[in-house]
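Novice: To start, I am sharing the structure in question, which I have written as structure tokens.
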């Protein structure tokens, strides 16, 4: 995707974010004051203005579509104070997939920045978020309350030391009873085996919705996915670029709200993406 020089700086109680709108999005963005408002009571205080000294910046990206039942809980769990105490300057970006419920309003009320994604589908959401941010690190997790926000500091520690990309593995960790349908578990293991075989690198959970990217990965990732195949493309791209990938065991919970991932159709799309990316640049 083309890198645009456009920069929009917005501030909120969950962080100060420098946005680089993706191609075609800059004209559709509302003014900064309409994308962000003061946080509610009880949330972490606003960040101090960015100063001249080097401070590591991190964006927490939450792709969201009709997640009003979960988004507030996810935002409340983000360890922002802990990140600040470790020397990070965090911000929170919600990429909204044209929600028809109160997802965006809830996120705005808690001080997050909300962008409406280009296109429809999770792939478009992730691409919008990757292209729009200009921070040192990026953490991505689903906005349905299934992934553990308290694992974010551990992900960052790996990025600081030995990894370019970190992925949370539900298979190596734990899955709450009822959080994944049996067919999804079987499909995920089959797709992970396919990915491991095609790319010569063992991955246990290629469909995970929790990833972290360091500066090199953010620069090299060039995605074109539109839907749920985006995580498979991320893995394929990291392998082809020779990036260092680290899996971290995580605990996976039941989602809040309606499940969106299908079983067969999405699985075929994911497998197709893995194969095509392996043999086509």
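Taken together, the values in this text are just the output of simple stated rules run on the coordinates, not laboratory data. Treat the numbers as computed from the prediction; the structure is a model and nothing was measured. Backbone-built Cβ (ideal geometry, glycine too); neighbour counts: all protein chains shown.
Novice: Given bins 5 angstrom wide, list per bin the percent of all Cα-Cα distances in the range 211-281, short to long.
Specialist: 3, 13, 22, 20, 21, 14, 6, 1
Novice: Using a Förster distance of 30 angstrom, determine the FRET efficiency expected from the C-beta separation of residue 150 and residue 278, and round it to 0.05. Working shown, then result.
Specialist: On the way: r = 35 Å, r/R0 = 1.16.
The calculated FRET efficiency here is 0.30.
Novice: Something else: Starting from the Cα-Cα distance between residue 268 and residue 172, subtract it from 0.36 nm times their residue separation and give me the gain in nm to one decimal.
Specialist: Details: separation 96, 0.36 × 96 = 34.56 nm, distance 2.38 nm.
Gain on stretching residue 268 to residue 172: 32.2 nm.
Novice: Further question on the same structure: Using 0.36 nm times the number of residues separating residue 226 and residue 101, minus their current alpha carbon distance, what extension gain do you get? Kindly include the intermediate steps, with their values, before the conclusion.
Specialist: Values: separation 125, 0.36 × 125 = 45.00 nm, distance 2.18 nm.
Computed gain between residue 226 and residue 101 is 42.8 nm.
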